[in-house]
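Input: a single structure, listed below in structure tokens.
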Amino acid sequence: MMMRNNPVTLAHYLLRQSRLAQAGVLIGFWLVGEAIARTIDLGIPGGVVGFLIMLGLLMTRLVSLQSVKRGADWFVSEMLLFFLPAVVALVDHGEFVSLMGLKVLLVIVAGTLSVMVVSALTVDLCYRWSASHEPRHAGE
Amino acid sequence: MSQDMLESDELLTILIWSAITIAFYVFSKVLYRRWSYWWLSPLVVAPVVVIAIILSVGADYREYLQGTRWLLVLLGPTMVAFAVPVFERRELIRRHWAALSLGVALGSVTALATAWGLAVLLGLSDVLRTSMLPRSMSMPFAMEVSSDIGGFPEITAIFVVLTGVLGAALGQIMLHWLPLRSALARGALLGIGAHAAGVVKAHEIGSEEGSVAGLVMILVGMINVIGGGVFALGLL
């Protein structure tokens with residue numbers, strides 16, 4: 001509230017402009033999440049704890065969307081780079097170039113098709129059901 | 001003196017392998033933006049080139065990982081960053097929470113059940129089967145769940161990428177076959193079935209599809225990580 005009434009301070013202005021500063025803020029919240037997750041041994045990663053904290057702060061308007069959006073968009077859109085080192089582990093797993101690798105592909109293709117059919121039909125049926133029931137509840 | 005040498009050696013490893021990884025990541029992104037073939041995706045080109053370099057200079061994965069581990073660490077803050085797209089889609093959640101949560105729940109159960117069942121059917125080893133379970137989640141969550149349930153996160157990473165690359169292509173075919181009326185269902189198909197690669201594909205189809213796909217991808221990850229954490233605690 002105070003921030004909205006006062007003129008925007010220099011620090012706040014910089015935060016809204018700088019993707020790097022916002023990325024730093026997100027790293028800060030991740031560290032806080034890690035600290036909490038380790039202290040009370042929640043069994044969930046610090047990133048998820050940080051996610052819940054950040055979502056709570058955004059919902060309660062304690063943190064404005066503009067002060068983290070640019071940094072967050074950057075993290076999400078460059079996610080691929082962050083997990084590249086894990087994919088390169090393939091270099092140590094030549095055993096996948098074999099019948100076993102073919103079986104793995106089969107599991108992935110068949111599994112993915114099933115997941116797609118189940119989730120899309122579930123969502124579509126729910127959507128149609130609620131669309132057909134909406135008019136009756138509209139007056140409530 | 002020798003301590004100093006060792007440290008500068010480590011720094012050099014980090015600088016060289018990080019520079020190579022980032023350079024080919026950026027390069028393949030530019031390529032993909034110009035020609036959008038699946039085999040030009042940064043998910044395919046960058047790892048293949050980096051692997052070729054590792055093999056040709058006679059380095060090994062341990063050395064490479066030592067040089068690029070900091071990139072993996074950034075998956076942590078990426079999970080925190082997911083709060084922003086979820087917050088931006090709060091209206092979508094409010095309107096369609098029932099359809100979305102049912103789709104995410106049944107989709108996740110199907111992913112786990114088919115990975116387990118098919119792996120048993122085809123006689124894959126226990127380690128492969130366990131590492132296969134989180135393959136439909138997006139990467140930060142999948143690697144987390146994999147280590148929670150006793151799989152190998154780096155093997156899971158390979159399955160996750162295969163699921164994304166194949167899933168984006170399969171998803172496009174499925175969209176022609178399934179009689180889906182809503183953008184909600186089309187987005188869910190791609191986001192739950194093919195995580196990040198599916199989200200990119202969904203954005204090509206429409207902004208609502210992309211928005212839904214991005215949301216369900218995060219929801220799938222969150223639900224499974226929390227479930228996997230409970231599972232790991234139960235084992236202790």
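The numbers here are math on the coordinates, done by the rules we state, and not lab data. The structure presented is a predicted model; accordingly, all values stated were derived computationally and were not measured. When we count neighbours, we look across all protein chains shown, and the Cβ atoms used for this are built from the backbone with ideal geometry, even at glycine.
Table for the structure above
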| read-out | value |
| --- | --- |
| Hits in the range B:117-141 (condition: of a type in the set (A, V, I, L, M, F, W, C), within 18 Å of B:V230 (Cβ to Cβ) and more than 9 Å from chain A (Cβ to nearest Cβ)) | B:L133, B:M137 |
| Qualifying residue in the range A:40-56 (condition: over 26 Å from B:S131 (Cβ atoms), more than 7 Å from chain B (Cβ to nearest Cβ) and surrounded by 15 or more Cβ atoms within 10 Å (Cβ to Cβ)) | yes |
| Answer from B:S8, B:S36 - the residue that is under 20 Å from B:L190 (Cα atoms), more than 9 Å from chain A (Cβ to nearest Cβ) and exposed (fewer than 15 other Cβ atoms within 10 Å of the Cβ) | B:S36 |
| Helices (runs of 4 or more DSSP H) lying entirely in the range A:25-140 (those with 3 or more residues that are closer than 30 Å to B:A119 by Cα and of a type outside the set (D, E, K, R)) | A:79-87, A:99-137 |
| Wholly enclosed helices (runs of 4 or more DSSP H) of the range B:53-133 bearing at least 3 residues among the aliphatic types (A, V, I, L, M) and crowded, with 16+ Cβ neighbours inside 10 Å | B:61-73, B:75-81, B:83-88, B:90-121 |
| Subset of the range B:81-116 (residues that are more than 7 Å from every other protein chain (Cβ to nearest Cβ) and of a type in the set (F, W, Y)) | B:W97, B:W116 |
| Extreme residue, surrounded by the fewest Cβ atoms within 10 Å (Cβ to Cβ), among residues of the range A:57-90 that are within 8 Å of chain B (Cβ to nearest Cβ) and charged (D, E, K, R) | A:D73 |
| Any chance A:L113 is out of contact with any Ser or Thr (no Cβ under 8 Å at 6 or more places or on another chain), within 22 Å of B:E209 (Cα to Cα), without any contact (Cβ under 8 Å) to a residue 60 or more places away in the chain and not basic (K, R) | yes |
| Leading residue by the ranking (surrounded by the most Cβ atoms within 10 Å (Cβ to Cβ)) among those in the range B:167-184 that are without any contact (Cβ under 8 Å) to a residue 12 or more places away in the chain and not charged (D, E, K, R) | B:S182 |
